[in-house]
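Asks: I have a structure I would like to understand better, so I am pasting it below and will then ask my questions one at a time.
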Amino acid sequence: MKHQMTVRQAIGIDDRLLMWIGIPLLSFFIPLLLFNGSLESGLLRYLPKLGISFMYTVAYWMVSRQVFIYFRRRYTGASQTTIRLMYTGVALVIGFLLVNVALWQICQPILALVPEQNADDTDLIVGSLLIIALVGTIYESIYLYQNWKRTLLETEQLRREQVESQLEGLKNQVNPHFLFNSLNTLTYLIPEDQEKAVRFVQKLSRVYRYILEMKDKKLVTLAKELQFLHAYVFLVKERFGDNLQVELNVPEAVKSMQVVPLSLQILFENAIKHNVIAQGKPLTVAVRVEGGNLVVVNKLQPKAQVMPGTGTGLANVKNRYRYFTSEPVLISADDGVFEVRLPMLQV
């Protein structure tokens, strides 16, 4: 069953206040403008034309209002606007003729009471058309404005939903990426030291719990991200020992700033994946704050052979940051140093 549009939806607003103000105002000024009305002889002499004007205004206003409501309910789509306006125009002309004939019979005796202010047929027709034109313009303008505003809001909502969907897709890429790299690490540990492999799995479960908790988070405080990084580094050091060094120099004052969840973990994975970490050639990864950015730096010690990437990594971090700031994620590899600058956000 098709849901019928309510009166308020058909008009665009609750028009009761509009009628309470608009009808008396039109009724008062139209005789002054079109019917040779005058207040020079006092309000009492003006009352007959004011009464006639009030009857015409109420009649045309209500008829026009019902015409707009009927055709807006019947032709609701934007593609039907032209046909709706055509039928509305025809209906208003018919309504004008019917109301004009009926009211003329009522108003003639009243006008006869004030012959010096009498109005001819032309005055009444012009006044009637003015009322219909004003009422029609008011209601159609309100309706078109409300439709435009609603379309704008729907477009923005759709854009936001698309962005949310894309962002969720990017976030979901992180979980399998992390699991894939962790399982690779575990395959190295199992044949070397089974007890260490068991401890690694226990720590991995704790770290992965954090990843699952971050699944619904768009941003996270730097403090929480650093807490996770400590746990993640513990896992990595199970494999590399002192050959992997981590330097953290992050002031307490900035730890309330926001970053993209798991961004540090991805940068550390990237450094570990692409660089040699061995006895006599340790890798140091430093994290510091410079000019509103969180900077992650490591010396370039490229491996001779590197496993193919999964397509996430740095691109994932850059894409997720685009949803929250116009500040770019800056990546450089100059003078044997690889550096990534992450904007810190104040939300």
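Asks: I'm trying to understand the selection: among the residues of segment 108-145, which are in contact with a Gly (Cβ under 9 Å, 6 or more places away or on another chain), at pLDDT below 80 and not small (Gly, Ala, Ser)?
Replies: ILE110, GLN117
Asks: I would also like to ask the following. Return only the number of the condition from (1) modelled with pLDDT of 85 or more; (2) farther than 21 Å from VAL285 by Cβ; (3) among the hydrophobic types (A, V, I, L, M, F, W, C); (4) under 31 Å from the mean Cα position of the chain (by Cα) that LEU212 does not satisfy.
Replies: Failing condition for LEU212: (1).
Asks: May I pose another question? List the strands (runs of 3 or more DSSP E) inside segment 247-347, counting only whole elements, that have at least 2 residues being open to solvent by less than 40 Å² (accessible area, probe 1.4 Å).
Replies: Fully inside segment 247-347 and qualifying: 283-290, 293-299, 337-343.
Asks: Now for a separate question. Do we find that LEU170 is at pLDDT below 75, touching a helix residue (DSSP H, G or I) at 6+ places or on another chain (Cβ under 8 Å), among the hydrophobic types (A, V, I, L, M, F, W, C) and open to solvent by less than 80 Å² (accessible area, probe 1.4 Å) in this structure?
Replies: Yes: the conditions hold for LEU170.
Asks: Are any residues in segment 219-239 in a helix (DSSP H, G or I), touching a residue at least 40 places away in the same chain (Cβ under 8 Å) and open to solvent by 30 Å² or more (accessible area, probe 1.4 Å), and if so, which ones?
Replies: ARG239
Asks: Could I ask something else about it? Could you check segment 210-225 and list, in sequence order, the residues that are touching a strand residue (DSSP E or B) at 6+ places or on another chain (Cβ under 7 Å) and of a type outside the set (S, T, N, Q)?
Replies: MET214, LEU219, VAL220, LEU222, GLU225
The values are calculated or read from the model by the stated rules, or taken from the named source; none is laboratory data. Fair warning: this is a prediction, and the values are worked out from it, not measured in the lab. Every residue, glycine among them, receives a Cβ derived from its backbone with ideal geometry; neighbour counts consider all protein chains shown. All accessible areas refer to the heavy atoms of the entire protein, side chains included, with ligands and DNA or RNA removed. Shrake-Rupley method; radii C 1.70, N 1.55, O 1.52, S 1.80 Å.
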